[in-house]
Amino acid sequence: MDGGFRFFPEQASTTAASIDDIVFYLLAVTTVMTGLVFFLVLVFCAKYRRRPGRETGVQVKPNPWLEATWIGVPIVLVLIMFFWGASAYFPIYRAPSNSLDVYVVARQWMWKLQHAEGAPEINELHVPLGRPIRLTMTSQDVIHSFYVPAFRVKQDVLPGRYTTIWFEPKKLGEFHLFCAEYCGSKHSGMVGKIVVLPPAEYERWLSGGISQGSLASGGHRLFLSLGCANCHTEAADARCPNLVRLYGSAVRLQGGGEVTADESYIRESILDPTAKVVSGYQPIMPSFRGRVSEEELIQLVAYVKSLGPTRETGRDK
Ligand code: CUA
């Protein structure tokens, strides 16, 4: 990052420019509107001040065109805000399907970040240039907020559930990561950095860091040691749903309704198995709340994801 004074952080992600454009539009509209109101207040103060011979006010008949203008112009301006904002928000909300998965566990007062391939990091995240990165985040304690100003991304990280966000870096270098939600006495120290590397260098960094295998393989070990494999089999008469090709599919629930098998659903089904029982099965699964940590949950989720079909967990193209 270069030194020197700047009003805005650099635009280091693919979506940064579109967000800045909206901010500048909002700034322009609110500045002009505020200026206009103050200007008119001063003009009318002078023009309609109390003077001898004009002690009492007069009833003024409103001009319909003037009224239509001050109703119509602001409506158009805020509708532009709405549609522009929505068109920028939808692509930011949905991660591209070729995203690289990174899991984030926040706690007082550090960021634990983990790649699907298994390299864990603390307060530091290495990512390749030109590749969308999708973060699945949760907190072990209180609410934190994942904030990278140069990428224009900010998302609350909540205990007890997953939130997601994605970004695609378009500049090499190191960028500040902040916690943007007051989370206790050392909140201001809950900082880190995102290191954007050229793809080849990233591959080298990644292969140098692997020690305990991929997240999914760790999840598979847990799956066996917790006894999940006893019920979740591929047999036709299995007592529990088959997890192969589950991720991303639509699941029919007991009592009607359907849910998409995403990270949040898998997490909930491990911690609170009776919340959404799959149609045709009995609610016999015990809860694993308190028996698995957030890190282990992420491994289990990554394992179920690796069973397919919609997204690969590894280094796909
Ligand atoms: Cu974590 Cu503020």
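Highest-first packing order for the peptide set 292-300, 54-62, 268-276 is 292-300, 268-276, 54-62, based on the mean count of other beta carbon atoms within 10 Å. Counting only DSSP beta bridges with both residues in the range 100-209, the antiparallel share comes to about 65 percent. Under unit Cβ charges (Lys, Arg +1; Asp, Glu -1), what dipole magnitude, rounded to 20 debye, does the range 215-306 have relative to its Cα centre? That gives a dipole near 140 debye. Round to a whole angstrom and tell me the spacing of the C-alpha centers of the range 273-288 and the range 183-248. The distance from the Cα centre of the range 273-288 to that of the range 183-248 comes to 23 Å. Residues in the range 297-305 carry Karplus couplings, in order, of 4, 4, 5, 5, 4, 4, 5, 4, 4 Hz; the curve used is 6.51 cos²θ - 1.76 cosθ + 1.60 with θ = phi - 60°, and Gly or Pro positions show x. Taking the Cα centre of the chain as origin and assigning +1 to Lys and Arg Cβ atoms and -1 to Asp and Glu Cβ atoms, the resulting dipole is close to 1080 debye. Between residue 181 and 145, the built amide H atoms are under 5 Å apart, and every one of these is 5 or more places off in sequence or on another chain.
What you get for the range 145-200, charging only the Cβ of Lys and Arg (+1) and of Asp and Glu (-1), is a dipole of about 60 debye around the Cα centre. 3J(HN,Hα) couplings calculated from phi for the range 132-139 with the Karplus curve 6.51 cos²θ - 1.76 cosθ + 1.60 (θ = phi - 60°) are, in sequence order, x, 10, 10, 9, 10, 10, 8, 10 Hz; Gly and Pro show x. Taking amide H as placed 1.01 Å from N in the peptide plane, the amide H of residue 240 sits under 5 Å from that of 233, each at least 5 places away or on another chain. For the chain, the list of Cys residues with no other Cys C-beta under 4.7 Å reads 45, 179, 183, 228.
Placing unit charges on each Cβ (+1 for Lys and Arg, -1 for Asp and Glu) gives the chain a dipole about its Cα centre, and among 25, 202, 269 the Cα reaching farthest toward its positive end belongs to 25.
Put simply, when 14-27, 140-153 are sorted by average Cβ atoms within 10 angstrom per residue, most first, you get 140-153, 14-27. Remark: for residue pairs 112/305; 193/276; 112/276; 112/186, the C-alpha separation exceeds 27 Å in 193/276; 112/276.
Phi angles of the range 45-62 translate, via the Karplus equation with coefficients 6.51, -1.76, 1.60 and θ = phi - 60°, into HN-Hα couplings of 4, 6, 5, 10, 5, 6, 9, x, x, 10, 6, 10, x, 10, 6, 9, 7, x Hz per residue; Gly and Pro are given as x. Estimated purely from DSSP H runs of n ≥ 4, each contributing -39500 (n - 2.57), the mean residue ellipticity at 222 nm for the chain is -11500 deg cm²/dmol once divided by its residues. The range 28-53 and the range 89-123 have Cα centres lying 51 Å from one another. In this structure the range 215-306 gives 51 Å² per residue of accessible area when probed at 1.4 Å with all protein chains present. In this structure the amide hydrogen of residue 251, modeled in the peptide plane, comes within under 5 Å of the amide hydrogens of 259, 260, 261, none closer than 5 places in sequence on its chain.
A protection proxy built from the mean count of other Cβ atoms within 10 Å ranks the segments 249-260, 174-185, most packed first, as 174-185, 249-260. Surface composition of the range 100-209: carbon and sulfur atoms hold 51% of the protein heavy-atom accessible area at a 1.4 Å probe. In the chain, the DSSP beta bridges split such that about 70 percent are antiparallel, to the nearest 5. Taking a straight Cα-Cα cut-off under 21 Å and skipping sequence neighbours fewer than 8 places away in the same chain, the lysines within cross-link reach of residue 61 are 47.
Note on residue 7 and residue 293: with the Förster distance fixed at 41 Å, the Cβ-Cβ geometry gives a FRET efficiency of about 0.45.
The values are calculated or read from the model by the stated rules, or taken from the named source; none is laboratory data. Remember, it's a predicted structure, so these values are computed and weren't measured experimentally. Virtual Cβ from ideal backbone geometry, glycine too; neighbours counted across all protein chains shown. Protein only, heavy atoms only, side chains kept; ligands, DNA and RNA dropped before computing areas. Shrake-Rupley method; radii C 1.70, N 1.55, O 1.52, S 1.80 Å.
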